Amino acid sequence: MLVSGRFKIKTGYLTAFLLLLISYILIFITLQQLFKQTKWVEHTDNVIINLESLSSYINEAESAARGYVLLNDTDHLQTFYSSTKIIDLSLKNIDSIISDNISEQKNSDTLKLLIQEKLGRIYKGILQFKLDGHVISDDMKASGEIGKNLMISIKTLIQRMEMDERNLLQLRKQRQYGTSVSVKIITVTSLVIALLLSAYSFITYSKESKAKLKADEQANLYRQQLENKVNELQAANTELEELRSLEKFTATGRIARTIAHEIRNPLTNIILAAEQIRTVPEANEESIMLLDMINRNANRINRMISELLTSTKFAQLQYSKIDISTLLDETLELAKDRVELKHISIKKNYSNPGCDVLADTDKMKIAFLNIIVNAIEAMEKEKGILEIQTTVINNKCRIDIRDNGHGMNEETLQKLFDPYFTNKSGGNGLGLTNTQNIILNHKGSINVKSYLGEGSIFSITLNTA
């Protein structure tokens, strides 16, 4: 649907652009025609103006000649000569501008002959007037009648030429007007079509935008619902893991107490029997040495049972309010020698504001110290980086302790908190068991993520004060 809408929008805008381009080309061509028609209109106007000027100069020349004869004024004679020169130039100009009109050229040739004959008779009349002693003779009068007829013919021909040019001017103005109207029609039509197409594209775009916005909102809603479901599942999974850990811890404690009960009774009898034998007078030195050995190992077994019971039972806690960052700093101070020995880098990222918890500080230090010591031992010398981060999430304080050590496999992770499970040669396998016991006693939780070659992350969650 969105692809179809985008195609429509692109098609609309492209069509509008093409129509505007075509209209501009048509307007350009039409304007060229308009300019050409305007040029022809100006050309016709120029012909008419020249014909009118020619007619006036002929009248002026004739009037000047008459003024000279009647008044014997040489100024009129000079005016006549000047007018004849202008008439000659006007005829040449008319010839040049009507060269494209064959019928007008014929009229122009006839006009030139008539004007030449008219001016020739005026010249002869002036010359005869001078020879006759400035007296008007009968020949001049007869020539004057002929000149009058020539003047009528000239004016008639000029009027006919003007009429033809005016008709031509009217025709060209009509063409010019038609071209102008065409330009307006093309311009308005193209603009209207372009506006309609643009409006169509805009409306389509608006619809598609609304549809996309609605689809995005729906997708965001589904994503939010999915995230909520995922969070619920993660919370349920975390709670289930915590319950499993608690159940496993409880079962381990129950087994430990059963074992302690079953072992301590016969162990006590063994210790008492060994002490009784030791008091017999006949006991030699070798017997006493063996009895001491029995005593030492029995006591060692007794201590191990006590440690197992301590690490798997719910203890009485001495709560106090403390900022978790202070508690972690005090724990790091306890591990300072180990950190300096292996040149481990410490990176702290504590939450601001801090996170206060109700905790038995001594026991929590033991829990954190076990994790920190294990992390230090898992990292290489001078390459280790220990990161400690605290965050407050939903009234809970979360502590992440990350190392870049060798990491653990899945099998190790499954047994990590089991009593007496250890990968260290000198370890007793009760450190992390005790850590888990302390955190669970604080109604908290502990989770571990680890990848071989990348390191481990211990995440502890405690209730805020």
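Derivation of every value follows stated rules applied to the coordinates shown; laboratory data play no part. Keep in mind the model is a prediction, meaning the values are calculated, not measured. As a convention, Cβ positions derive from the backbone with ideal geometry for all residues, glycine included, and neighbour counts pool all protein chains shown.
Couple of notes before you dig in:
- Straight-distance candidates among the aspartates and glutamates for linking to residue 443, with alpha-carbon spacing under 20 Å and chain neighbours fewer than 8 residues away dropped: 239, 241, 242, 247, 323, 356, 360, 362, 400, 418.
- Efficiency of FRET between residue 32 and residue 152 - r from beta-carbon atoms, R0 41 angstrom, step 0.05: 0.40
- Note on the chain: with charges restricted to the Cβ of Lys and Arg (+1) and Asp and Glu (-1), its dipole about the Cα centre is near 1220 debye.
- Cα-based reach from residue 148 at 27 Å (exclusive), listing lysines while leaving out same-chain residues under 8 positions away: 85, 92, 106, 112, 118, 124, 130
- Placing +1 on each Lys and Arg Cβ and -1 on each Asp and Glu Cβ, with no other charges, gives region 52-108 a dipole about its Cα centre of roughly 120 debye.
- Region 43-74 residues near the modelled residue 86 label - backbone nitrogen below 15 Å, point 7 Å along Cα→Cβ: 49-65
- Selection from 316, 71, 371, by position along the positive dipole direction of the chain (Cβ): 71
- Separation between Cα centres of region 370-446 and region 162-219, rounded to whole Å: 77
- Taking every C-alpha pair closer than 8 Å and separated by at least 6 residues, the mean separation divided by the residue count of the chain gives a relative contact order of 13 percent.
- Residue (of 143, 48, 335) at the positive-pole extreme of the chain, dipole from beta-carbon charges: 143
- Helix screen, the chain: DSSP H segments with Cα axial length of 27 Å or more and mean Kyte-Doolittle hydropathy at least 0.0 are 2-71.
- Based on every Cα atom in the chain, Rg and the maximum pairwise Cα distance Dmax equal 61.7, 204 Å.
- For peptides 121-133, 368-380, sequence by mean Cβ density within 10 Å, most packed first: 368-380, 121-133
- Averaged over residues, the count of other Cβ atoms within 10 Å places the peptides 210-218, 197-205 in the sequence 197-205, 210-218, highest first.
- Look at the dipole of the chain built from charges on Cβ: of 111, 177, 235, the Cα furthest out on the positive end belongs to 111.
- Rounded to two decimals, the Cα radius of gyration of region 128-240 over 2.2 N^0.38 Å is 3.50.
- The trypsin sites (Lys or Arg not before Pro) of region 424-463 meeting both criteria, a DSSP state outside H, G, I, E and B (loop) and at most 16 other C-beta atoms within 10 angstrom of the site's C-beta, are 424, 443.
- Lys, Arg +1 and Asp, Glu -1 on Cβ, resulting dipole of region 372-414 about Cα centre, debye, nearest 20: 260
- Protection proxy ranking for 138-146, 224-232, using the average of other Cβ atoms within 10 Å per residue and placing the highest first: 138-146, 224-232.
- Among the listed pairs 348/383; 363/449; 321/396; 321/347; 347/383, those beyond 21 Å (Cα-Cα): 363/449; 321/347
- Whole-number percent relative contact order across region 59-129, with pairs defined as alpha carbons under 8 Å at least 6 apart: 29
- Summarising the label geometry, the points placed 7 Å from Cα in the beta-carbon direction at residue 227 and residue 352 lie 2.6 nm from one another.
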